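The structure under discussion appears below in the form of structure tokens.
Where a number appears in this text, it was derived from the coordinates with a stated rule and is not lab data. Nothing here was measured: the structure is a model prediction, and the numbers come from that model. Note that each Cβ is placed from the backbone with ideal geometry, even for glycine, and that neighbours are counted across all protein chains shown.
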Amino acid sequence: MSDTTGTIRSLSQEKDARRVTLKEFENKKSSRFMDPCSIEAKASYKCLDRNNYDKDRCSAYFAAYRECKQMWVAERRKARLSGNSK
């Protein structure tokens, strides 16, 4: 996790500012939507709201979200290849 992602997570107003684990994700009900990067997503939306939707001012938030998604996809791929995934 980069410094930007860590900073965004620490500044989050979420009461449960933690990432969803791979085990939680795999054991969820099929109808339940679960976003492991919801904290970064919400932070980027809040940044856009605060800055009148000027995307240039929120690039750090977008980078943190992209990094989170890339990390999550890599984690799921690794689990799938090792046979530890459903």
Problem - Ranked by how many other beta carbons lie within 10 Å on average, peptides 34-41, 65-72, 49-56 from highest - result: 34-41, 65-72, 49-56
Problem - Count of Lys pairs (Cα-Cα under 28 Å; at least 8 positions apart or interchain) in the stretch 25-86 - result: 18
